[in-house]
Amino acid sequence: MIEGRRVVAGEAILSGPAATERGNVEQVEARDARRDEMLEAMVRQHSRLVYRIAYAALRSHHDAEDATQETFLRVVRYRTKLDAVEDPKTWLSRIAWRVAADRSRQRGRKREIVLEESEKPLAEPASCEAQADETVHGSEVGAALEKLIAALPEKLRQPLILSAIEEMSPRDVGATLRINEAAVRSRVFRARQILREKLAQALGRKQE
């Protein structure tokens, strides 16, 4: 009887580490599977937002596509941090913005978005006869705005750019730039005020 108990106890001792190791492996596999699901969900839900952030900063479809790919590659590299991410949208927006800003600096120029919705024309031509003049005028205004935005102080330019993205609320912009919502609203208001004043001056000089 005593010998039998010793055998059972010996088997338990020997099997203990193996069981623990199997449990650890299962935990790691479960954690990796959970992270893979989070990554897939982020790509599915926020890939458009990442692209729009990149395009807003880079103003090039090709560059924005490259920046979008780089953003998700960085997310894969940072996947060990996913478990601590409370707001995937904000976390992803910060990475996308850093990637786009880095690429913009590397490119050596800052071509930013216009004041309102950059992908819409500034004005609808009044008539077919005036279309050429209106197009030229719109191009001149757009080019002037881009130069003026590029000349804005960074603390005004960044929230202005992000606030023009449809999916980005003032709260989202603030979370991305790590400033509060009131600061976002104040800086965007001031940036637009400066742009209106400078644009009026620039157009006024051309008309003289």
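The values are calculated or read from the model by the stated rules, or taken from the named source; none is laboratory data. Worth saying up front: this structure is predicted, and the values here are computed from it rather than measured. A quick note on method: Cβ atoms are made from the backbone with ideal geometry, for glycine too, and the neighbour counts reach across all protein chains shown.
Brief remarks on what is shown
- Residue match in the range 11-32 (condition: closer than 24 Å to LYS81 by Cα, in contact with a helix residue (DSSP H, G or I) (Cβ under 9 Å, 6 or more places away or on another chain) and either modelled with pLDDT of 90 or more or in the same structural domain as ALA101 (by TED's automatic domain parsing) (or both)): yes
- The residue that is farthest from GLN158 (Cα to Cα), counting only those in the range 74-112 that are under 17 Å from the mean Cα position of the chain (by Cα), at pLDDT below 90 and of a type in the set (Asp, Glu), is GLU86.
- Considering the conditions (1) at pLDDT 65 or above; (2) in a loop (DSSP other than H, G, I, E, B); (3) of a type in the set (D, E, K, R), LYS120 is excluded by exactly one of them, (1).
- When the test is whether a residue is closer than 21 Å to SER47 by Cβ and either modelled with pLDDT of 90 or more or in contact with a strand residue (DSSP E or B) (Cβ under 9 Å, 6 or more places away or on another chain) (or both), LEU162 passes it.
- Residue selection: TYR51 fails the criterion of being modelled with pLDDT of 90 or more, crowded, with 21+ Cβ neighbours inside 10 Å and closer than 26 Å to GLU146 by Cα.
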